[in-house]
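Worksheet: the structure to be examined is printed underneath.
No value in this document is a laboratory result; all are computed from the given coordinates. This structure is a prediction, so every number in the text was calculated from the model and none was measured. FYI the Cβ positions are ideal-geometry reconstructions off the backbone, even for glycines, and counts take in every protein chain you see.
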Amino acid sequence: MPEQQGRNGTPATAVPWVLVSADFRQQGGQSKANAALADYLLARGTPVHLVAHEWDDRFRRHRACVVHAIRRPFGVYVLDEFWLRLRSRRIVRRLVAANPSTRVLVNGGCCDWNDINWIHYVHAGWSSASANQPILARLKETYAGYVFRRQERSALRHARLVLANSQTTRQLLIDRVGLVPSRVHTVYLGSDPTWGPVDAAERKAARDWLGQPEHRPLVAFVGGLGHDQRKGFDTLWAAWRELCAAPDWDADLVVAGGGAASAVWQARITEAGLAGRVRLLGFTDRVQDLLATADLLVSPARYEPYGLNVQEAVCCGVPALVSRRAGVVEQYPPDLADLILPDPDDAGDLAARLRRWRPERERWRQRFRPLSEQRRRYSWPEMAAEIVGLVESEQTASSAIESELVAQS
């Protein structure tokens, strides 16, 4: 039996929820969203079971939460996910047998169960294998992609209700996975009220942390540096080299995010003589501090189901230049359409937009203010309430149909 941590002290009449995902922590879009849903359910008195590799300590301590720990026994992503899928199904089966009214929400293919599936990433929408990767890495990603797409398709076709984090994600589920549109509902990611515009003292403290002079503009990139180049850092790098060749370009670039290709990128930056203009922070838990120093976020992603990094930047009052292939651009109003990158492969266009931004950076900040205020108003609890509302509405409709069928028989 898996390790259980926490204890259930809620009334036996409350309908429990089981949430299955790799982790429930304040790191990354999917993990933050999962944790927010768990927090909301617990706050309303719902018994919650978390089935996961990792979680924040507050869940272990909560009297209404039981954590079922699935350890990572292999240290290899695809194998650990296989283990999560295998073990989680057994746990869910046991919990539902004990209480058939239990609601089960899973993420993608991590657990094949016929209830709610909340999709944050569509494996059928992007191939992580790339010709730029070392051969062994490419073979590994090809195999992993095949496995994940197969698991994803099976789990989604069994789900009675599917939640997507953007219209972009929803359309991929319909077009690539073949889901019936009426089964797929879009729920955008919420925001944390503590991620708001910073004052002068906070900005100075953050700049001191980075050693960034106040007079030098700072551009931020937040995302993993993988060999597959999904986040588009190679496009930003090509544009940055072009910009730095001009003597009047005085902005610096800071990159937050680790990944398999980090060492390769550091070597390229050093070889190009731009180590003083491009800084790689690696993985960091101080993204909020980075955004407090930044004048612009750039995200030329080739595939991004949503883009919480962009939303968090905008909530902090930082303008964001983002690829139209990111789901978050659905939040951009028409008057910001010129700040959306049409082609994430076009480094020349990105460089031209950055040149236009430099003398108008304060005007760009003002242009983003309405969107910043609008996104901060939609909180994580509001997102979770929307999810629960959809689930309860679906349950009511299903119960009505079942009652009608019984009456007719």
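Just a few scattered comments:
- Taking Cα atoms only, the orientation of helix 347-357 departs from the longest principal axis of the chain by about 80 degrees.
- Helix axis angle, 135-158 relative to the chain longest principal axis, alpha carbon, degrees: 40 degrees
- Compactness of the range 200-377 was expressed as the Cα radius of gyration divided by 2.2 N^0.38 Å, which yields 0.95.
- Protection proxy ranking of 209-215, 84-90, 232-238, by the mean of other Cβ atoms within 10 Å over each peptide's residues and highest first, is 232-238, 84-90, 209-215.
- Calculated on the alpha-carbon coordinates, the convex hull of the range 314-399 measures out at 113 cubic angstrom per residue.
- Under Karplus coefficients 6.51, -1.76 and 1.60, residue-wise ³J(HN,Hα) of the range 201-212 in Hz, glycine/proline x: 5, 5, 5, 5, 4, 5, 5, 5, 4, 8, x, 9
- Net +/- balance of residues flanking Val388 in space, Cβ distance below 15 Å, scoring K and R +1, D and E -1: -4
- CD proxy at 222 nm, helix term only [per DSSP H run n ≥ 4: -39500 (n - 2.57); per residue of the chain; nearest 500]: -14000 deg cm²/dmol
- Peptides ranked, highest mean first, by Cβ atoms within 10 Å: ranges 284-290, 254-260: 254-260, 284-290
- Dipole axis of the chain (+1 Lys, Arg; -1 Asp, Glu on Cβ), positive-most option in Ala245, Ala263, Asn114: Asn114
- The range 38-103: projected area of the alpha-carbon convex hull, averaged over directions, in nm²: 4.9 nm²
- Debye log10 I(q)/I(0) for the chain, one point scatterer per Cα, at q = 0.08, 0.14 Å⁻¹: -0.46, -1.31
- All lysines inside 30 Å of Lys140 as judged from Cα atoms, apart from same-chain residues fewer than 8 positions distant: Lys32, Lys231
- When peptides 386-392, 347-353 are sorted by average Cβ neighbour count within 10 Å, with the highest value leading, the order is 347-353, 386-392.
- Estimated dipole of the range 174-288 in Debye, rounded to 20 [Cβ of Lys and Arg +1, of Asp and Glu -1, Cα centre]: 260 debye
- Between helix 233-244 and the chain there is an angle of about 20 degrees, using the helix long axis and the longest principal axis of the Cα atoms.
- Amide proton proximity set for His185, modelled H, under 5 Å, gap of 5+: Val162, Leu163, Ala164
- Electrostatic bookkeeping for Val15 treats Lys and Arg as +1 and Asp and Glu as -1; over the other residues with beta carbon under 15 Å from its beta carbon, the sum is -1.
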